[in-house]
Amino acid sequence: MEVKTNINWFPGHMQKAKREMKEKTSLVNIVYMVLDSRIPKSSFNHLVKEIASNRPILLLLNKADLADKIETKKWMDYYKSQGYYCLDIDAITGYNMNKIVPLTYEILKDKIERNKERGIKLSMKAMITGIPNVGKSTIINALVKKKITQVGDKPGVTKTQQWVKLDSNLDLLDTPGVLWPKLEENGMNLALTGAIKDDIMPIDEIVKYGFDFMNTYYKEAFYERYKIDKIDSIYDIYEKIAKARGCKIDDYEKINNIFLHDLRHEKLGRVTVDRLTSV
Ligand SMILES: Nc1nc2c(ncn2[C@@H]2O[C@H](COP(=O)(O)OP(=O)(O)O)[C@@H](O)[C@H]2O)c(=O)[nH]1
Ligand SMILES: [Mg+2]
């Protein structure tokens with residue numbers, strides 16, 4: 001698939017972003033990588049593994065409320081088998097959010113113990129990374145329970161590292177490390193969940209891909225919502241959606257939007273787009 005983007009892919013930018021992230025990482029004891037539970041593979045960025053070096057990585061599978069529970073469990077088992085720590089969360093309702101701090105202490109307990117023995121009184125430090133739109137800011141805000149003002153974004157303000165206290169012995173860097181997803185490999189799955197803006201994507205192709213996906217993995221919910229009985233061609237689907245939602249049969253743009261909106265907002269049930277078999 002060809003994806004046009006307005007993201008600057010110049011190697012220089014990439015190198016700079018990588019260097020900055022590495023600098024931040026050098027300040028912390030643990031790296032959180034936020035994933036979208038609907039696309040635990042496509043939202044995973046391998047660069048984190050590289051820049052985290054030997055620091056532990058805690059994968060926060062956010063938006064768990066939108067994903068298929070059975071698939072989330074499979075993905076967590078898979079990532080655990082690969083040496084990652086995992087927690088499924090929902091930053092909006094707060095599901096499992098209170099487990100992040102205790103789990104962090106648990107992961108870092110040897111380090112904390114060693115510091116204690118040596119009489120070192122240092123807080124543990126963590127940072128959040130993740131691709132755009134996975135919920136990094138929502139998580140930070142939920143963890144610190146207030147909105148953080150981005151003082152460093154104003155011109156003339158010295159950009160110093162800002163830390164927020166999560167607990168007596170745990171600090172969090174308040175600026176998340178933004179990573180770019182690999183569009184070449186995961187473009188369709190990223191697009192389907194809305195991780196990439198629709199206006200840079202071939203929308204008809206995504207919708208067709210989405211129809212196939214729903215028909216393969218969540219046929220019942222798909223048929224139920226649009227009162228589909230059988231599908232002989234893609235036009236049957238367009239026709240049924242139009243009928244079910246009261247719009248013109250040839251208004252493809254509107255039908256596309258209805259379908260994508262439904263898929264992204266749980267109207268077709270919880271969906272996991274990345275399937276573990278595709279690893
Ligand atoms: N359903 C759901 N939506 C979420 C969750 N966390 C964040 N969002 C939404 O995802 C969008 C992107 O969140 P944001 O924190 O700005 O992502 P960031 O770009 O990684 O900082 C916002 O519309 C949030 O309300 C979640 O756990 N569940
Ligand atoms: Mg943000």
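Each reported figure results from applying straightforward, stated rules to the coordinates on display, with no laboratory input. What you see is a predicted model, and the numbers here were worked out from it, not measured in a lab. Methodologically, a virtual Cβ is constructed for each residue, glycine included, from the backbone with ideal geometry; neighbour enumeration extends over all protein chains shown.
Please give the charge dipole size of region 172-279, origin at the Cα centre, charges +1 on K and R Cβ atoms and -1 on D and E Cβ atoms. Round to the nearest 20 debye.
Here region 172-279 has a charge dipole of around 380 debye.
How high is the relative contact order of the chain, in percent, with contacts defined as C-alpha pairs under 8 Å that are six or more residues apart?
Contact order relative to length: 23 percent.
Tell me the mean residue ellipticity at 222 nm calculated for the chain from its helices only (DSSP H runs of n ≥ 4, each -39500 (n - 2.57), averaged over every residue, nearest 500).
Roughly -13000 deg cm²/dmol at 222 nm, from the helical runs in the chain.
Count charges around residue 94 for me, please; just the other residues with Cβ under 12 Å from its Cβ, Lys/Arg as +1, Asp/Glu as -1.
Around residue 94, the surrounding residues sum to 0.
Can you give me the relative contact order of region 202-278 as a percent, contacts being Cα pairs under 8 Å and 6 or more apart?
28 percent
If amide H atoms are built 1.01 Å from N in the plane of the peptide, which residues on other chains or at least 5 residues away come under 5 Å of the amide H of residue 171?
HN-HN under 5 Å from residue 171: 124, 125, 126, 166.
To the nearest 20 Debye, how big is the dipole of the chain about its Cα centre, given +1 on the beta carbon of each Lys and Arg and -1 on that of each Asp and Glu?
1280 debye
Springs between alpha-carbon atoms under 10 Å, Gaussian network over the chain: tell me which of 77, 90, 110 tops the mean-square fluctuations.
Evaluated over the chain, the most mobile residue of the options is 110.
Cα centroids of region 216-279 and region 34-50: how far apart, whole angstrom?
26 Å
Indicate, rounded to the nearest 5 percent, the antiparallel portion of the DSSP beta bridges found entirely in the chain.
Here the antiparallel bridges make up roughly 20 percent for the chain.
Once you have the Cα-Cα distance between residue 233 and residue 14, take 0.36 nm times their residue separation minus that, and quote the gain in nm to one decimal.
Gain in length upon complete extension: 74.5 nm.
Select from 57, 67, 112 the residue farthest towards the positive end of the dipole of region 11-178; place +1 on Cβ of Lys and Arg, -1 on Cβ of Asp and Glu, and compute about the Cα centre.
Selected residue: 112.
Can you put 163, 75 in order of Cβ neighbours within 10 angstrom, beginning with the fewest?
163, 75
Please report how far the C-alpha centroid of region 51-76 lies from that of region 107-129, rounded to the nearest whole angstrom.
Result: 23 Å between the Cα centres.
Say the dipole of the chain comes from +1 at the beta carbon of Lys and Arg and -1 at that of Asp and Glu; which of 15, 189, 133 then lies farthest toward its positive end?
Result: 15.
Taking a ≥ b ≥ c as the square roots of the eigenvalues of the Cα gyration tensor of region 11-178, is the shape rounded (a/c under 1.5), prolate (a/b larger than b/c) or oblate?
Verdict is rounded for region 11-178.
Please state the shape class of region 34-113: rounded when a/c is under 1.5, otherwise prolate if a/b exceeds b/c and oblate if not, all from the C-alpha gyration tensor.
Oblate, since a/c reaches 1.5 and b/c is not below a/b.
Between residue 59 and residues 5 or more places away or on another chain, which pairs have amide H atoms under 5 Å apart, with H built 1.01 Å from N, and which residues are they?
Answer set, sorted by chain and number: 33, 85, 86, 87.
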